[in-house]
Amino acid sequence: MKKKLLNTVVSAGLVLSLLLTGCGKSTDNKTDNATGKKSEKTLTIKAEHADVAPLTDKASQIFVDKVENLPEDFWLGVDVSTLLAEEESGVVYYDEDGNEADLMKVLKENGVNSVRIRIWNDPKDKDGNSYGGGHNDLETAITIGQRATDYGMGVLIDFHYSDFWADPAKQQAPKAWAEMSVSEKCTALYDYTYDSLDKLLEAGVNVTAVQIGNETTTGMAGVTNTNYLVQLWQKGCEAVNDINVLYGLDIQKAIHFTNPENQDQYRSFALNLDRAKVDYDIFATSWYPYWHGTLPKLTEILSEIATTYNKKVMIAEVSYAYTYDNGDQSGNTISESTTGDFPYPVTVQGQANCVRDAIEAIVNCGEAGVGVYYWEPAWIPVPGETWEEQSALWEANGSGWASSYSVEYDPEDAGKYYGGCAWDNQAMFDFTGHPLASLSVFRYVREGATTDVRIDAVPNGRIEFRIGEEIVLPETVKAVYNDSSEKEISVVWDNTDTSSMTDIGKYTITGTASEGGVDYPVSYEVDVLDLNFVSNFSFEEDDANWTITDNAGNCNELFVIEKNTDAATGSKSLHYWSENGIDFNVEQTITGLAPGTYYFSIQSHGMATTASDMKIYAKADSGEYEESFTNNGWAVFQNPKIEGITTTDGTITVGAHIVGPPGDWGNVDDFILAPAS
């Protein structure tokens, strides 16, 4: 893809009239009599500081492996939508020398060449008070976009087509569109997109790409039906196409989804877009490692879509925590209690590794891979030591994730739980506005970087024992170094007395690991489990020892998935989903048991309806047993249990039988057959 504006370099103070594929035409603009819109416009771009180059004389503080075959025009981007709200609240940013500096200059010096800016239609209440989250109306986007353009960066405009946050949990129509039919929304969406882009370009903003919606996995602008959604997407694309004609540009059109770990769902999205002939350029995704699977799987599905439908692909949002500390008086999205995958240390180096690997994953999609955007690296705490001091700034300037004024538009979420920044520990600036070493990953990915080798983290851990087993604490723990190597180092536990760990349950031990005279605090969970005679009880060895039968032969997905967030213990579980309906058994026969009485239980979560029929069962020489249950949502684990299973010949078969209508999905894990107490 040719980013016509992206890599423009001009001297300070110079104003360019860019000659872009028909741009720079006569200023005597023509008017289309059919639409009343001007048919030609001259684009003037100010790039006052475009000569700022990435730093080259700074010693690296992090390791960065070079990303091979990284295109020159690849978007190394960041989302800076909260910038104005932060600055209005008194936040100050600094460069690597500790001098107060324009955020755009710091980003440019660290290799960032594009910024992403969200736009909400009307993010204010009836009295003009900001809903928060950066108060990202069109005027805010223009101001931020002009500053990015001044530093020679491209701008990705992210239309949410909502008055506040749009994501899979919320796709609310703007207030002005709330009572419109789908046809009326199509017209309104076209007009809003066209007019907004016209104003952005008139203001000299270097728009290189546009998102037609944000994380539209479940809908957009209050519309959820796919047949109607494709109409909205197409009208947005048509508006961009007409703006391209008007200005002689090639602004790229992206459709944005999330949850790429659900590969069949992504295939369905791409197929529906193709069948409806939606004229888009880029299939964009969010990828947050906590929830969205592995990068090889991401590359796999995006490459498939790119090849099948001749589309470009990109990551529109990615981030990773560098600390568990909280910088303000409001909670964080990611904390030590967060359920999810953490494939990197929660450190500055870990954050850099995440960004670097995300870039490589998109580059590995070949020529189709066009960019990666880090989400809100500059959203840090506002000044103030107390809730009252910070809350006054969040409320006045919209610098928190939501203000109390959002109750008008989103009474059940933002209106109840409004507050400050939930992202400060995932920023690429520290809590005082100084850039972290991880920000430099954008300038190092082309050539790589090294630094002194040192321990980066000593991760907390978990050990498990069956009840009655001797509990032996480890003498060493794993240390992770900043070059990604690992080594066992010695540990001294604060208390080695395990005599109190006699009952089933979770216990915490703390200690200190040491190397080279440096101490590192360590915390381990000791999990004392019941006896269990089920082999491969949590599917960590995939489907070994299990008989899995798709009774109807129409499950789209029935396999062992490696995803911590779906597993009760370990990292794997048995996953199922079907658009045709579910009917399967998973079972195992256990032999050689001592005659006696046992119980059987499993862990299960997912979606079920009144039409679902879910049960666990056991078969023994004493008879057959079963217990019905139902699921109640993702990560809400159900624990059905059968008591009083007796055997005299030492053989028991245990299993689960899941029947459900089209669309049912879930995971089963932790099959336990243990002696009755």
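Read the figures in this text as sums done on the coordinates, not as results from a lab. All figures in this text were calculated on a predicted structure; none of them were measured in a lab. Backbone-built Cβ (ideal geometry, glycine too); neighbour counts: all protein chains shown.
Give the percent of DSSP beta bridges with both residues in the chain that are antiparallel, rounded to the nearest 5.
Within the chain, antiparallel bridges account for around 70 percent of the total.
What FRET efficiency comes out for the pair Ser523/Thr143, r = Cβ-Cβ distance, R0 = 45 Å, nearest 0.05?
0.50
Apply the a/c threshold of 1.5 to the C-alpha gyration tensor of the range 115-166 and tell me whether it is rounded, prolate or oblate.
It comes out prolate by the Cα gyration axes.
Just grab the label-to-label distance for Asp122 and Asn241, each label 7 Å out from Cα along the Cβ direction, in nm (one decimal).
Label at Asp122, label at Asn241, 3.0 nm between them.
Give, as a single signed number, the net charge of other residues whose beta carbon lies under 9 Å from the beta carbon of Ser81, with Lys and Arg counted +1 and Asp and Glu -1.
-1
Suppose we look only past 36 Å in the calculated P(r) of the chain. What percent of the Cα-Cα pairs does that tail hold?
Every Cα pair in the chain considered, those over 36 Å come to 47 percent.
How do Thr508, Thr569 rank when sorted from fewest to most other Cβ atoms within 10 Å of their own Cβ?
The fewest-first ordering by Cβ neighbours comes to Thr508, Thr569.
Can you tell me the FRET efficiency between Thr496 and Ser60 if r is taken as the Cβ-Cβ distance and R0 is 35 Å, rounded to the nearest 0.05?
Plugging the Cβ-Cβ distance into 1/(1 + (r/R0)^6) gives 0.25.
Using the Karplus curve 6.51 cos²θ - 1.76 cosθ + 1.60 with θ = phi - 60°, work out ³J(HN,Hα) for each residue of the range 207-213 in order, rounded to whole Hz, and write x for Gly and Pro.
Per-residue couplings from phi come out as 6, 10, 7, 9, 8, 8, x Hz.
What residue among Val445, Met428, Ser183 has its Cα farthest toward the positive end of the dipole of the chain, where the charges are +1 on Lys, Arg and -1 on Asp, Glu, each on the Cβ?
Sorting the options by dipole projection puts first Ser183.
Show the residues, 5+ positions off or on another chain, whose built amide H is closer than 5 Å to the amide H of Asp158.
The list, which skips near neighbours in sequence, is Ile117, Arg118, Ile119, Gln211.
Give me the one-decimal nm value for the distance between modelled label points at Thr651 and Met607, 7 Å along each residue's Cα-to-Cβ direction.
About 4.1 nm separates the two model spin labels.
Going toward the positive end of the dipole of the range 464-503, with +1 on Lys and Arg Cβ and -1 on Asp and Glu Cβ, which of Ala479, Thr496, Gly468 do you reach last?
The Cα lying farthest towards the positive end belongs to Ala479.
In debye, nearest 20: dipole of the range 252-316 around its Cα centre with unit charges on the Cβ of K, R (+) and D, E (-)?
140
Dipole magnitude of the range 371-414 about its Cα centre, charges +1 at Lys/Arg Cβ and -1 at Asp/Glu Cβ only, in debye to the nearest 20?
220
Each residue of the range 355-362 in turn: what ³J(HN,Hα) in whole Hz from Karplus with 6.51, -1.76, 1.60 and θ = phi - 60°, glycine and Pro shown as x?
Couplings: 5, 4, 5, 5, 4, 4, 4, 6 Hz.
Toward the positive end of the charge dipole of the chain, about the Cα centre and with charges on Cβ (Lys, Arg +1; Asp, Glu -1), which of Pro459, Val372, Trp394 goes farthest?
Looking along the dipole axis, the top candidate is Val372.
Tell me the mean residue ellipticity at 222 nm calculated for the chain from its helices only (DSSP H runs of n ≥ 4, each -39500 (n - 2.57), averaged over every residue, nearest 500).
Per the formula, -6000 deg cm²/dmol.
Read phi for every residue in the range 537-550 and hand back ³J(HN,Hα) as whole Hz from Karplus 6.51 cos²θ - 1.76 cosθ + 1.60, θ = phi - 60°, with x for Gly and Pro.
Couplings: 4, 10, 6, 5, 9, 6, 9, 4, 6, 10, 10, 10, 10, 8 Hz.
Restricting the count to DSSP beta bridges whose residues both fall in the range 187-287, what percent are antiparallel, rounded to a multiple of 5?
That works out to approximately 10 percent antiparallel.
Taking the Cα centre of the chain as origin, sum charge times position over the Cβ atoms of Lys and Arg (+1) and Asp and Glu (-1), and report the length of that vector in debye to the nearest 20.
2360
If you take the C-alpha gyration tensor of the range 596-677, multiply each eigenvalue by 5 and take the square root, what semi-axes do you get, largest first, in whole Å?
26, 13, 8
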